[in-house]
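This report concerns only the one structure given below.
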Amino acid sequence: MPAIGFALSRPFIRVPLVRTSDVIADDGLLTLERMIREKCIAVQRSLGNNEFEILEWKPCMRGSLVPASLRYVDQVARSGSIQRAAKELNVAASAIDRQILLLEQDLEVALFERVPRGMRLTAAGDALVTLARRWRADERRTATEVRQLQGISQGHVRLVAMDSHVNGFLPQFIARLASEHPRISLEVEVASPDDALTELLSGNADLVAAFNLSPRRDVHILWGADLPFGCVTAPGHQLSGAGTISLQEAVAFPIALQSKALPIRRYLDARYGWLFSDTGKTLVTNSLQLVKTLARSGRYIAFTSELDAAPELAEGSLVFLPVRDKGAEPQTVSVAIDARKPLSRIGRIVAEALTDCIRDCLDKARSAGRTVGLSDG
């Protein structure tokens, strides 16, 4: 929480004074003003200059349009207890407890279950937290739009991406955004496609970059691309020069397989579950990095997408082989927003930069693959 500041004249000075949490417990505004004036006098004395006079005191913090009681409920839900929420917010625990009790009294419903280890949301509390988070997201978006009306390209965007993107296009995207739009702040969360969708529709994310998003009326796809179904091998593997591969050829070799926690495995199980009946030839892990390391070793092949293995394809340490069997449906990668909300100008800037970086990442991976094919030929 920002500090409170005050102003002195002859000359004009602004000094960080006191954190609001030190004084505002319930309705401590008068106490706050008195403390600020006392601090002003103390600073005057410490400066040893009687020519300084108090001009004004005013908060330097930005207020929130979301009621404090809702913000407190949200933080307690995140933290799991009032004491931990108080530390996160720098607000007295008694103030948080009182606001929650008053809110429960007004609504005539319990928002939390008081359990020995903290606070657990009730169904009513969960509904209220969802509302509070949506309001806070709307508030941030409105603040961004106001800055845009003032001609300022400044704002905050929350992106949810996949784990495989961390070593792929995300570093390039973050560097580009920081260079071209330094006043846009970015928050990146890594999640599964299912969790990414939940974050987007609950208002906790502005954009998602995710695999295999199903068509929905409340999700708008800004950009998408097909990712051919295939596998990766080391350049020296027996299959690496084939150009394409059949599933029957693939199962003749040991397979490094991603666990069911990852989207590619669910995709494979739904369509090609018979591939993995011989468990003696498969190694299962929830680490994409381990899957790619095993494929680079030359002993294993691995089913994954060009985007998952883009850095390794671009550097030539892996080769991508599309599956040529009929019915081998591609995966998809998409950049999406909540269709129920308008996309801000800042959001569009970020979405366009993200899309460009994904395209560039795929182009480099595919160009390297074509080069390998020409050299093998």
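What do you reckon, is Ala205 open to solvent by less than 70 Å² (accessible area, probe 1.4 Å), in contact with an Asp or Glu (Cβ under 7 Å, 6 or more places away or on another chain) and assigned to a loop (DSSP other than H, G, I, E, B)? Spell out how you get there, then give the answer.
Numbers: open to solvent by less than 70 Å² (accessible area, probe 1.4 Å): yes; in contact with an Asp or Glu (Cβ under 7 Å, 6 or more places away or on another chain): yes; assigned to a loop (DSSP other than H, G, I, E, B): yes.
Answer is yes for this residue.
Take Glu352 and tell me if it is buried (at least 17 other Cβ atoms within 10 Å of the Cβ) and not aliphatic (A, V, I, L, M).
Values: buried (at least 17 other Cβ atoms within 10 Å of the Cβ): no; not aliphatic (A, V, I, L, M): yes.
Spelling it out, it is not the case that Glu352 is buried (at least 17 other Cβ atoms within 10 Å of the Cβ) and not aliphatic (A, V, I, L, M).
Those residues that are open to solvent by less than 30 Å² (accessible area, probe 1.4 Å) and not in a helix (DSSP H, G or I), I need them from region 299-315; list them, please. Walk me through it before giving the result.
Applying the first criterion (open to solvent by less than 30 Å² (accessible area, probe 1.4 Å)) to region 299-315 yields 301-310, 312-313.
If the condition is that a residue be open to solvent by less than 30 Å² (accessible area, probe 1.4 Å) and not in a helix (DSSP H, G or I), then Ile301, Ala302, Phe303, Thr304, Ser305, Glu306, Leu307, Asp308, Ala309 are the ones that fit.
Yes or no: Ala261 open to solvent by 30 Å² or more (accessible area, probe 1.4 Å) and modelled with pLDDT under 90? First the steps, then the outcome.
Details: open to solvent by 30 Å² or more (accessible area, probe 1.4 Å): yes; modelled with pLDDT under 90: yes.
Here the answer is yes, as Ala261 does meet what is asked.
Of all residues in region 141-181, how many are part of a helix (DSSP H, G or I), modelled with pLDDT of 85 or more and not hydroxyl-bearing (Ser, Thr, Tyr)? Don't jump to the end; show me each part of the working.
Looking only at region 141-181, we keep the residues that are part of a helix (DSSP H, G or I), and these are 141-149, 163-165, 170-180.
Adding the requirement that they be modelled with pLDDT of 85 or more leaves 163-165, 170-180.
Checking which are not hydroxyl-bearing (Ser, Thr, Tyr) leaves us with 163, 165, 170-178, 180.
Final tally of qualifying residues: 12.
Condition first: part of a helix (DSSP H, G or I) and among the β-branched types (Val, Ile, Thr). Now tell me which residues in region 280-298 satisfy that. Break it down stepwise before answering.
We begin by selecting, within region 280-298, every residue part of a helix (DSSP H, G or I); these are 280-281, 288-296.
Selection gives Val291, Thr293.
For Leu294, work out the one condition from (1) among the aliphatic types (A, V, I, L, M); (2) within 25 Å of Gln248 (Cβ to Cβ); (3) at pLDDT 90 or above; (4) open to solvent by less than 20 Å² (accessible area, probe 1.4 Å) it doesn't fulfil.
That leaves (4) as the condition not met.
Looking for something without any contact (Cβ under 8 Å) to a residue 40 or more places away in the chain, of a type in the set (A, V, I, L, M) and within 24 Å of Ala365 (Cα to Cα) - is there at least one such residue anywhere in region 272-279? Break it down into steps so the answer makes sense when it comes.
Within region 272-279, the first condition is being without any contact (Cβ under 8 Å) to a residue 40 or more places away in the chain, and the residues that meet it are 272-279.
In the following step, the residues that additionally are of a type in the set (A, V, I, L, M) were identified as 275.
Now narrow it down to the ones that are within 24 Å of Ala365 (Cα to Cα): none.
No.
Quick check on my filter: what residues within region 316-346 are within 16 Å of Ala196 (Cβ to Cβ) and open to solvent by less than 20 Å² (accessible area, probe 1.4 Å)?
Scanning region 316-346 gives Gln331, Val333, Ser334, Val335, Ala336, Ile337, Asp338.
Given the options Arg84, Arg78, Arg98, Arg120, name the one that is of a type outside the set (A, V, I, L, M), touching an Asp or Glu at 6+ places or on another chain (Cβ under 6 Å) and at pLDDT 90 or above.
Just one listed residue meets the conditions, Arg120.
Could you please tell me which pairs satisfy a Cβ distance under 7 Å, a separation of 6+ or placement on different chains, a first residue in region 106-133 that is among the aromatic types (Phe, Trp, Tyr), and a second residue that is at pLDDT 90 or above and open to solvent by 80 Å² or more (accessible area, probe 1.4 Å)?
Correct list of pairs: Phe112/Arg120.
Considering only region 213-227, state which residues are open to solvent by 50 Å² or more (accessible area, probe 1.4 Å) and of a type outside the set (D, E, K, R).
Residues of region 213-227 that are open to solvent by 50 Å² or more (accessible area, probe 1.4 Å), as a first pass: 214-217, 220-222, 226.
The answer is Ser214, Pro215, His220, Ile221, Leu222.
Is it true that Ala210 is open to solvent by 50 Å² or more (accessible area, probe 1.4 Å), over 19 Å from Arg134 (Cα atoms) and hydrophobic (A, V, I, L, M, F, W, C)? Before the answer, list the steps.
Details: open to solvent by 50 Å² or more (accessible area, probe 1.4 Å): no; over 19 Å from Arg134 (Cα atoms): yes; hydrophobic (A, V, I, L, M, F, W, C): yes.
When the stated conditions are applied, Ala210 does not pass them.
If you go through region 182-194, how many residues are exposed (fewer than 15 other Cβ atoms within 10 Å of the Cβ) and assigned to a helix (DSSP H, G or I)?
The total comes to 1.
If I ask for residues that are touching a strand residue (DSSP E or B) at 6+ places or on another chain (Cβ under 9 Å), among the charged types (D, E, K, R) and surrounded by 12 or more Cβ atoms within 10 Å (Cβ to Cβ), which ones from region 85-138 would you list?
Correct list: Glu104, Arg120.
Has region 153-175 got at least one residue that is open to solvent by 50 Å² or more (accessible area, probe 1.4 Å), basic (Lys, Arg) and in contact (Cβ under 8 Å) with a residue 12 or more places away in the chain? Steps first, answer last, please.
As a first pass, look at region 153-175 and keep what is open to solvent by 50 Å² or more (accessible area, probe 1.4 Å): 154, 156, 163, 166-167, 171-172, 174-175.
Pick out the ones that are also basic (Lys, Arg) and you get none.
No, there is no match, as no residue in region 153-175 is open to solvent by 50 Å² or more (accessible area, probe 1.4 Å), basic (Lys, Arg) and in contact (Cβ under 8 Å) with a residue 12 or more places away in the chain.
Out of Gly243, Gly230, Gly236, which single residue is touching a residue at least 60 places away in the same chain (Cβ under 8 Å), over 14 Å from Ala339 (Cβ atoms) and open to solvent by 50 Å² or more (accessible area, probe 1.4 Å)?
Numbers: Gly243 fails: open to solvent by 50 Å² or more (accessible area, probe 1.4 Å); Gly230 fails: open to solvent by 50 Å² or more (accessible area, probe 1.4 Å).
From the options Gly243, Gly230, Gly236, the qualifying one is Gly236.
Over 14 Å from the mean Cα position of the chain (by Cα), free of Cβ contacts under 8 Å to residues at least 40 places away in the same chain and over 30 Å from Gln289 (Cα atoms), is that true of Arg140? So that I can check it myself, show each step before the final result.
Values: over 14 Å from the mean Cα position of the chain (by Cα): yes; free of Cβ contacts under 8 Å to residues at least 40 places away in the same chain: yes; over 30 Å from Gln289 (Cα atoms): yes.
Judged against the criteria, Arg140 is a match.
The values are calculated or read from the model by the stated rules, or taken from the named source; none is laboratory data. All of these numbers come straight from a predicted model, not from anything done at the bench. Neighbour counts are summed over all protein chains in view; Cβ atoms, including those assigned to glycine, are modelled from backbone coordinates with ideal geometry. For accessibility, only protein heavy atoms count, side chains too; no ligands or nucleic acids. Shrake-Rupley method; radii C 1.70, N 1.55, O 1.52, S 1.80 Å.
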